[in-house]
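Structure, as structure tokens:
The values are calculated or read from the model by the stated rules, or taken from the named source; none is laboratory data. Note that this is a predicted model, so its numbers are computed, not measured. When we count neighbours, we look across all protein chains shown, and the Cβ atoms used for this are built from the backbone with ideal geometry, even at glycine. What goes into the accessible areas is simple: the full protein's heavy atoms, side chains included, and nothing from ligands, DNA or RNA. Shrake-Rupley method; radii C 1.70, N 1.55, O 1.52, S 1.80 Å.
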Amino acid sequence: MRHFIDSIAENAVAGKPVQESDARALAGASGNDLFTLFAAASRIKSHFLGSAVHLCSIINAKSGRCPENCAFCAQSAHHATNTPVYPLVDEEKIVVNAREAEKNGSRCFGIITSGTGINKGEELDRICRAVRRIREETKIAPSCSLGIIDFPTAVALREAGVETYHHNLETARSFFPNVCTTHDYEEDVETVRVARRAGLKVCCGGIFGLGESVDQRIEMALTLRELDVNSVPLNFLNPIEGTRLAGAANITPLECLQTIALYRFILPDKRIAVCGGRERNLRDLQSWIFLAGADGTMIGNYLTTTGRPAEQDWQMLKDLELAVEGCCE
């Protein structure tokens with residue numbers, strides 16, 4: 001297995017796409033072969049992206065009452081959770097949070113809203129005003145995740161100064177009906193295409209531990225490769241009481257790491273950041289995400305759950321002797 005892993009890694013570095021059959025074989029690695037897999041994924045990452053770590057942060061700018069029925073989501077109106085419900089926050093709060101994210105070392109700041117899409121008019125205008133101020137008052141790159149959008153909205157965001165549009169596929173097309181039935185998978189795919197056509201970079205990934213198979217994790221990675229997204233956030237389910245997946249079992253730390261490594265093999269030159277659920281799922285192995293091929297992580301809180309203090313993540317990076325992109329520390 002070691003020779004096979006190294007051979008596939010060499011192909012990835014040489015620009016030869018990993019085949020689906022090879023990805024499935026890599027997914028079968030176990031025992032000591034897992035450490036070979038992680039090390040090979042790390043080599044691929046270093047070749048294409050170097051060793052610096054990319055940090056990002058978000059604000060939950062509009063929370064709750066989402067009409068979509070995504071099985072994992074605490075903000076869905078179909079679930080009874082304790083998640084706060086509030087309308088779009090004011091412009092000043094968005095900007096203040098962007099400044100705080102910049103102080104924490106983030107290069108990218110995501111403005112996230114609940115709902116199928118953003119309301120045109122005052123909501124979109126307020127976000128665009130906040131983005132312009134972030135561009136003027138900070139050095140952090142603003143991104144937005146406003147649900148399903150059309151081309152004019154994507155253009156308005158780009159013209160305001162948005163650099164990246166974030167829109168997750170969440171899971172594989174074949175598994176999506178088990179997760180959400182209130183909109184079609186193709187609507188999410190089209191949003192990715194619309195954002196790219198408008199000249200925006202695209203950040204697009206998903207969440208693992210929803211009940212999908214390993215083959216379906218590979219299926220989503222291949223879809224992301226076909227869409228040629230710029231960056232891929234990988235999340236791991238943190239079951240929330242009141243959602244349909246409240247009783248789901250977490251996947252193991254080694255399974256999380258193997259998934260990260262598979263995505264690095266399939267998407268060798270893309271940014272891969274480990275985001276929601278890493279504290280609960282990876283536990284003491286959080287620092288291994290960089291060995292397994294990730295080049296970034298989210299720092300600070302998530303949408304409806306808290307992350308660990310930024311100081312702990314900075315200490316982790318210091319202990320690993322990893323530089324943070326854009327920071328002199």
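Summary table below
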{"read-out": "Helix-derived mean residue ellipticity, 222 nm - over the chain, DSSP H n ≥ 4, -39500 (n - 2.57), to 500", "value": "-12500 deg cm²/dmol"}
{"read-out": "0 to 90° range, to nearest 10: angle between helix 2-13 axis and the chain longest Cα axis", "value": "50"}
{"read-out": "Estimated FRET transfer efficiency (D319, N32; beta-carbon r; R0 30 Å; 0.05)", "value": "0.80"}
{"read-out": "Antiparallel DSSP beta bridges within the chain, percent to nearest 5", "value": "5"}
{"read-out": "Gaussian network model of the chain, springs between alpha carbon atoms under 10 Å - residue of P87, P239, P268 with greatest fluctuation", "value": "P87"}
{"read-out": "Correct option for Cα Rg over 2.2 N^0.38 Å [calculated from the coordinates] among (1) 0.95; (2) 1.00; (3) 1.10", "value": "(1)"}
{"read-out": "Global geometry of the stretch 215-329, whether rounded, prolate or oblate, following the gyration tensor of its Cα atoms and the 1.5 cut on a/c", "value": "oblate"}
{"read-out": "Proximal charge balance of T181 [Cβ under 15 Å; K/R count +1, D/E count -1]", "value": "-4"}
{"read-out": "Full-stretch length increase - K103, H47 - with 0.36 nm per residue and alpha-carbon distance subtracted", "value": "17.3 nm"}
{"read-out": "Compactness of the stretch 267-310 as Cα Rg over 2.2 N^0.38 Å, two decimals", "value": "1.17"}
{"read-out": "Protein-only accessible surface order, largest first, of D90, D6, D319 at 1.4 Å", "value": "D319, D90, D6"}
{"read-out": "Label point 7 Å beyond Cα of D150 along Cβ direction - residues of the stretch 177-205 with amide nitrogen under 18 Å", "value": "184, 187-199"}
{"read-out": "Extent along principal axes [Cα atoms of the stretch 153-208; Å; largest to smallest]", "value": "37, 19, 14"}
{"read-out": "With every protein chain in place, the chain: carbon and sulfur % of accessible area (1.4 Å)", "value": "49"}
{"read-out": "Convex hull volume per residue in cubic angstrom - Cα atoms of the stretch 79-161", "value": "104"}
{"read-out": "Partners for K318 among lysines (Cα-Cα distance below 18 Å; same-chain residues under 8 apart left out)", "value": "K103"}
{"read-out": "Unit charges at the beta carbon, dipole of the chain: most positive-side option, L34, F72, G307", "value": "G307"}
{"read-out": "Hydrodynamic radius (Kirkwood) for the stretch 185-245, which is based on Cα pairs only, to one decimal in Å", "value": "12.9"}
{"read-out": "For the stretch 108-234, average projected area of the Cα convex hull in nm²", "value": "7.5"}
{"read-out": "Two-decimal Rg/Rh across the stretch 19-102, once Rg and the Kirkwood Rh are taken from alpha-carbon atoms", "value": "1.18"}
